[in-house]
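The values are calculated or read from the model by the stated rules, or taken from the named source; none is laboratory data. Note that the coordinates shown come from a computational prediction; the quantities given were computed from them, not determined experimentally. No Cβ is skipped: glycine too gets one built from the backbone with ideal geometry, and neighbour counts run over all protein chains shown. Protein only, heavy atoms only, side chains kept; ligands, DNA and RNA dropped before computing areas. Shrake-Rupley method; radii C 1.70, N 1.55, O 1.52, S 1.80 Å.
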Amino acid sequence: KQLSIREMELKFLQSQMNPHFMFNTLEAIGDTMVLLLGQENEATDMIQNLAILLRISLSADTYIVPLRDELEHVKLYMQIMEFRYQGNIRYVIEVPDAMLEMPVVKLTLQPLIENAIQHGLRPRQYQGTVQIKGEILEDAVLIHVADDGVGMTDDAMRQMDFQKIQHIGLRNVYQRLWLIYGDRGKLTVARGKTSGTIVTIWYPK
């Protein structure tokens, strides 16, 4: 299971480009911009954030991290999205303090957020909000990633199958949850109360 998990993580990263090359190049670009401009600015901050994200992704020491660390990764990613879309995309994190030290599968939230932006907010010219909300049940931990975008059609909801879905991020998250938690770990998809989509991670408390 550990080998399978690591293999999927590597395939996920390699599908997006050689991550070591990206990391080293970003650091070089950021350093050069600071030298040329004489000071740090919003652009150099975003380059630094992206370099940190890649460093976290490349770390192979564990595939389970405290939720606190996963949320720090989310914040860096969302700061880049806010910068990229000029503040039109916002994010809200509502997680009880009691959940912050609970374990979570590493790199599970960012792919769900990216999916919410691309499929929920893109049709609305990348305007809207992504909400990350934590919930503790008697025997399970839930993390909801919700958007207020266009939502999903009835056909899309019926055809949702995380084992066959084409979105590599969603499929990767589902497979790693299953490998670690078996039938006790799962993803679910639902419509928002007024608009958008909610994807929920379930795993044992």
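Under the condition of being open to solvent by less than 80 Å² (accessible area, probe 1.4 Å) and without any contact (Cβ under 8 Å) to a residue 60 or more places away in the chain, the residues counted in the stretch 158-179 number 8. In the stretch 1-13, the residues that are at pLDDT below 80 reach residues that are outside any helix (DSSP H, G or I) and surrounded by fewer than 11 Cβ atoms within 10 Å (Cβ to Cβ) with C-beta atoms within less than 9 angstrom, at least six apart or across chains, in these pairs: 6/60; 9/60; 10/60.
Does the stretch 76-85 contain at least one residue that is touching a His at 6+ places or on another chain (Cβ under 8 Å), under 19 Å from residue 192 (Cβ atoms) and either among the hydrophobic types (A, V, I, L, M, F, W, C) or touching a residue at least 40 places away in the same chain (Cβ under 8 Å) (or both)? So far as the stretch 76-85 goes, no, none of its residues is touching a His at 6+ places or on another chain (Cβ under 8 Å), under 19 Å from residue 192 (Cβ atoms) and either among the hydrophobic types (A, V, I, L, M, F, W, C) or touching a residue at least 40 places away in the same chain (Cβ under 8 Å) (or both).
All conditions but one from (1) under 25 Å from residue 75 (Cβ atoms); (2) open to solvent by 10 Å² or more (accessible area, probe 1.4 Å) apply to residue 121; the one that does not is (2). So, residue 152, is that one among the hydrophobic types (A, V, I, L, M, F, W, C), in contact with a strand residue (DSSP E or B) (Cβ under 8 Å, 6 or more places away or on another chain), over 22 Å from residue 71 (Cβ atoms) and assigned to a helix (DSSP H, G or I) or not? When the stated conditions are applied, residue 152 does not pass them.
Please indicate, with yes or no, whether at least one residue in the stretch 180-198 is surrounded by fewer than 13 Cβ atoms within 10 Å (Cβ to Cβ), over 16 Å from residue 118 (Cα atoms) and in contact (Cβ under 8 Å) with a residue 24 or more places away in the chain.
First pass over the stretch 180-198, keeping only residues surrounded by fewer than 13 Cβ atoms within 10 Å (Cβ to Cβ): 182-183, 193-194.
Of the ones still in play, those that are also over 16 Å from residue 118 (Cα atoms) are 182-183, 193-194.
With the extra rule that they be in contact (Cβ under 8 Å) with a residue 24 or more places away in the chain, the set shrinks to 194.
Looking for residues that are surrounded by fewer than 13 Cβ atoms within 10 Å (Cβ to Cβ), over 16 Å from residue 118 (Cα atoms) and in contact (Cβ under 8 Å) with a residue 24 or more places away in the chain, one finds at least one in the stretch 180-198, hence yes.
Which one of these is among the charged types (D, E, K, R) and surrounded by 15 or more Cβ atoms within 10 Å (Cβ to Cβ): 148, 155? Testing whether each residue is among the charged types (D, E, K, R) and surrounded by 15 or more Cβ atoms within 10 Å (Cβ to Cβ) leaves just 148.
In the stretch 95-118, of all residues being assigned to a helix (DSSP H, G or I) and either out of contact with any helix residue (DSSP H, G or I) (no Cβ under 9 Å at 6 or more places or on another chain) or without any contact (Cβ under 8 Å) to a residue 24 or more places away in the chain (or both), the one that is surrounded by the most Cβ atoms within 10 Å (Cβ to Cβ) corresponds to 116.
Among the residues of the stretch 119-149, just one is among the charged types (D, E, K, R), closer than 16 Å to residue 190 by Cβ and in a loop (DSSP other than H, G, I, E, B), namely 148. Total residues in the stretch 66-94 satisfying the condition of being over 26 Å from residue 124 (Cα atoms), of a type outside the set (D, E, K, R) and buried (at least 17 other Cβ atoms within 10 Å of the Cβ): the figure is 1. Of all residues being basic (Lys, Arg) and assigned to a strand (DSSP E or B) in the stretch 155-199, which is farthest from the chain's Cα centre (by Cα)? Just the residue, please. Among those residues, the one meeting the criterion is 191.
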